[in-house]
Every structure is written in structure tokens, then in C-alpha cells.
Amino acid sequence: LERERGQVVKDRADLARLRAKREADDALVGAFGEGELASVRADKERLARDASERQERYTARLAELTAEHETRTAELRAEADDLRRRLRDSDTALRAAEAAYGEEAGALR
């Protein structure tokens with residue numbers, strides 16, 4: 001019963017809001033005329049459509065930039081892995097050369 005009473009109160013409040021909106025619309029029509037009100041509504045719809053289109057373009061561009069970022073990140077990781085491998089190979093070659101030089105120096109003494 002309390003829930004139903006609460007729903008009735010909510011419905012009454014919604015009805016009051018709708019009446020107030022209708023009265024405000026009627027006042028606008030009286031103040032500006034039907035043609036002006038239709039023009040304002042058309043502008044509002046156009047602005048909403050433009051905003052939606054801009055949002056779609058921004059979302060698409062964000063997806064493109066995200067894909068580019070992921071691609072470039074993968075490329076940089078591969079390049080870093082290659083550089084680490086080459087550094088490791090160079091370090092191994094250097095140690096082998098140092099060992100060989102040490103052996104030659106020992107043999108010359």
C-alpha cells in the first residue's frame with residue numbers, strides 16, 4: 001500500500017511537470033508565435049544532430065589514433081627487443097675477443 005501510495009505521489013508529480021511544460025510551451029507559442037517556435041525546435045534538432053555527428057567523427061578518430069598507437073607501440077617493442085638481442089650478441093663477441101686476446105697475451109709472455 002505504501003509503495004502504491006508512493007507511486008501515486010510520483011505520478012501526480014509527473015503530471016504536474018507535464019502540465020507545467022505544456023503551459024510553458026503555450027506561453028512560448030503566445031509570445032513568439034507558432035512559426036518562431038517551430039524554428040527554435042528545428043534549430044535545436046539541427047544542433048543535436050550536429051553534436052551527434054561530431055561525436056561520431058571524434059569516436060572514429062579516437063579509434064584510428066588508438067590503432068596507430070598500438071601499431072607503433074608494437075613496432076617499438078620489436079625494435080627494442082632487436083636492439084637488446086644485438087647488444088647481447090655484441091657483448092658475447094666482445095667477451096670472446098677479450099678472452100682470445102688474454103690467451104694470446106699469455107702465450108706471448
message = Can you confirm whether Ala107 is of a type outside the set (Ser, Thr, Tyr) and surrounded by fewer than 10 Cβ atoms within 10 Å (Cβ to Cβ)?
response = yes
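For every residue, the table says whether it meets (1) open to solvent by less than 80 Å² (accessible area, probe 1.4 Å); (2) assigned to a helix (DSSP H, G or I); (3) modelled with pLDDT of 90 or more.
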residue: Arg3; (1), (2), (3): no, yes, no
residue: Gly6; (1), (2), (3): yes, yes, no
residue: Ala13; (1), (2), (3): yes, yes, yes
residue: Leu18; (1), (2), (3): no, yes, yes
residue: Asp26; (1), (2), (3): no, yes, no
residue: Gly35; (1), (2), (3): yes, yes, no
residue: Ala60; (1), (2), (3): yes, yes, yes
residue: Glu68; (1), (2), (3): no, yes, yes
residue: Thr73; (1), (2), (3): yes, yes, yes
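The values are calculated or read from the model by the stated rules, or taken from the named source; none is laboratory data. If you're wondering where the values come from, they're calculated on a predicted model, not measured in any experiment. Heads up, the Cβs are rebuilt from the backbone with ideal geometry, glycines too, and the neighbour counts pull from every protein chain shown. When the accessible area is computed, the model is the full protein with side chains, heavy atoms only, and any ligands, DNA or RNA have been set aside. Shrake-Rupley method; radii C 1.70, N 1.55, O 1.52, S 1.80 Å.
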